[in-house]
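First up is the structure itself, then whatever we jot down about it.
The values are calculated or read from the model by the stated rules, or taken from the named source; none is laboratory data. Everything numeric in this text was worked out from a predicted model, so none of it was measured. No Cβ is skipped: glycine too gets one built from the backbone with ideal geometry, and neighbour counts run over all protein chains shown. Side chains included, ligands, DNA and RNA excluded: accessible areas come from the protein's heavy atoms. Shrake-Rupley method; radii C 1.70, N 1.55, O 1.52, S 1.80 Å.
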Amino acid sequence: MAEHVEHAHQHAQAHEHPAYPVGLRLAGRRVVVIGGGQVAQRRLPALIAAGADVTLISPSATPSVEAMAESGEITWTRRRYEDGDIADAWYALVATGDPVANAAASDEAERTKTWCVRSDDAEAATAWTPATGRSEGVTVAVLTGRDPRRSAAVRDAIVEGLRDGSLAAPHHRSRAPFVALVGGGPGDPDLITVRGRRLLAEADVVIADRLGPRDLLDELPPHVEVIDAAKIPYGRFMAQEAINNALIEHAKAGRSVVRLKGGDPFVFGRGMEEVQALAEAGISCTVVPGISSSISVPGAAGIPVTHRGVAHEFTVVSGHVAPDDPRSLVDWQSLAKLTGTLVILMGVDKIGAIAEALITHGKAPDTPLALVQEGTTAAQRRVDATLATVAETVRTQDVRPPAVIVIGDVVAEGPSAGTETHTSNQR
């Protein structure tokens, strides 16, 4: 009876004081997990990542937990909990479906002075598991007492803010300068990757393309130098050489540099030329892939580039060089024979010649075609035609770059097929 009163007194004291937050360094230290169900499945990966020497005590386990044991990440003792299992443990997690076994294991942890989490009774536990998230070396752990959903919501808000740069958290210790080649996506600023947005928030200099997501530049801090790549003076150099030189000069000056490009850096973006130039100068570069307009812009206009029973392939080509130009590297004759979807970038002013070449090589003149101008932005506009009519349609409808051209039967699929559609972003 006296022991029960003592425990009740301890619990009453726990109500009066907040939990003391601490980060446990468990590498190489014994941790015991009682129970192999869903709770263990959620908690084990973090314990493994921390380097803990994990012993699981449970007669059964979920398939995911079994896989951890089979791979040697944890040691699994296939039986129910027995007194003495927590001996020499630094930390214990009790998570079975048997309240009696949970209470017994918790009592052992109390006797052996082992910090213990209980999934069935937080008030009886000596430790609580915070809602935890990580972003680029920062661990966020949130405790809100008896409201785990609020803990998770606060955790998510902080981690998301760190990842996308909306939560200002400047480095106060020296940070190595970097060069990052970032694909900004098709135009909508929401379609840049989380990593790309974070690197933008950490940049000292941003060299941006005309087709990059311009709205993102307005969010940058005032100290960031934004350079329009199209306006870099190139004198005796070609424009691309001048951009390469600017990247190298700012990097050598110790600045953190982001080269912001539209779509994906390596899809007709000359990204590899910039990576090679930096490598020749002895400067490493991080490449952050972007969502390519070749897929995303048709999708935003209601056109799937592949569709079951309609197209099992799609081909992306550049249309900036006409089919009869000696510089063209595209085999238009072979493309005309394909039955899948053809996506053409940078081809608005050459689409008449391209359509003529495809028809000449056997493509049906009535093949559906769509031009999607300013895709994914508030100015998005879709104009439909056929190979036979596209040249006249571009002229009469005044279609202008940038526009993605989609050719194939997939154009006729979906609710958006029609003569002309306009789309505004829903934010």
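Taking label points 7 Å from Cα along the Cα-to-Cβ direction, GLU280 and ALA19 give a separation of 5.7 nm.
Between ARG270 and ARG29, what FRET efficiency follows from the Cβ-Cβ distance if R0 is 60 Å, with the result rounded to 0.05? About 0.70, to the nearest 0.05. For LYS337, a cut-off of 13 angstrom between C-alpha atoms picks up these aspartates and glutamates, skipping any fewer than 8 places away in its own chain: GLU313. Within the straight-line cut-off of under 13 Å between alpha carbons, the aspartates and glutamates reachable from LYS113 are ASP88, sequence neighbours fewer than 8 places apart in one chain being disregarded. The DSSP beta bridges internal to the chain are antiparallel in roughly 40% of cases.
With the highest mean first, a sort of the peptides 45-54, 367-376 on other beta-carbon atoms found within 10 angstrom per residue produces 367-376, 45-54. Anisotropy class assigned to segment 303-421 is oblate, per the alpha carbon gyration tensor with a/c at or over the 1.5 cut-off and a/b no larger than b/c. For the chain, the Cβ-based charge dipole about the Cα centre amounts to some 620 debye (Lys, Arg positive; Asp, Glu negative; other atoms uncharged).
Here the gap between GLN397 and THR75, fully extended at 0.36 nm per residue and compared with their Cα-Cα distance, gives a gain of 109.1 nm.
Label reach from ASP218 (point 7 Å along Cα→C-beta): in segment 352-383, amide nitrogens under 12 Å belong to 378.
Cross-link partners for LYS252 among the lysines, with Cα-Cα distance under 27 Å and sequence neighbours closer than 8 places in the same chain left out: LYS231, LYS261.
When the trypsin sites (Lys or Arg not before Pro) in segment 258-341 are filtered for DSSP coil states and for at most 11 other beta-carbon atoms within 10 Å of their beta-carbon, the remaining sites are ARG308, ARG327.
At 1.4 Å probe size, with the rest of the protein present, what percent of the exposed accessible area of segment 194-287 is carbon and sulfur atoms? Roughly 51 percent, rounded to a whole number.
Starting from the Cα of GLU225, move 7 Å in the Cα-to-Cβ direction to define the label point; list residues of segment 182-207 whose amide nitrogen is under 18 Å from there. Once the point is set 7 Å along Cα→Cβ of GLU225, 200-207 turn out to lie under 18 Å by backbone N, inside segment 182-207. If only the Cβ of Lys and Arg carry +1 and only the Cβ of Asp and Glu carry -1, the dipole of segment 168-264 around its Cα centre is close to 360 debye.
Normalised by the residues of the chain, what does the relative contact order come to in percent, with Cα pairs under 8 Å and at least six apart? Relative contact order of the chain: 10 percent.
Taking the longest Cα principal axis of the chain as reference, the axis of helix 38-49 is set at about 80 degrees. Distant-in-sequence amide contacts of THR315, defined by a placed amide H-H separation under 5 Å and a gap of 5 or more residues or a different chain, comprise THR341, LEU342, VAL343.
If I model a spin label at ASN245 and ASP83 as a point 7 Å from the Cα along the Cα→Cβ vector, what separation in nanometres do I get? Going from the ASN245 label point to the ASP83 one covers 8.3 nm. Ordered by 1.4 Å accessible area with all protein chains kept, ASP218, ASP190, ASP264 run largest first as ASP218, ASP190, ASP264.
Using a 1.4 Å probe on the protein heavy atoms, what percent of the accessible area of segment 329-415 belongs to carbon and sulfur? Result for segment 329-415: 54 percent of the exposed heavy-atom area is carbon or sulfur.
Of the residues LEU220, PRO304, THR193, the one whose Cα sits farthest towards the positive end of the charge dipole of the chain is LEU220 (charges of +1 on Lys and Arg Cβ, -1 on Asp and Glu Cβ, taken about the Cα centre). Once Rg/Rh (Cα atoms, Kirkwood Rh) is calculated for the structure shown, the corresponding label among [x] 0.94; [y] 1.08; [z] 1.13 turns out to be [z].
Modelled spin labels at GLN333 and ALA157, positioned 7 Å past Cα toward Cβ, are 6.4 nm from each other.
Over segment 347-415, Cα pairs under 8 Å with separation of 6+ residues give a relative contact order of 40 percent.
Using C-alpha pairs under 8 Å with a sequence gap of at least 6, the mean separation divided by the residue count of segment 163-294 gives a relative contact order of 38 percent.
Take the chain with all the other protein chains still there, run a 1.4 Å probe, and you get 55 Å² of accessible area per residue.
Along the axis of the charge dipole computed for the chain (Cβ charges of +1 for Lys and Arg, -1 for Asp and Glu, origin at the Cα centre), the listed residues SER293, TYR91, THR112 are led at the positive end by SER293.
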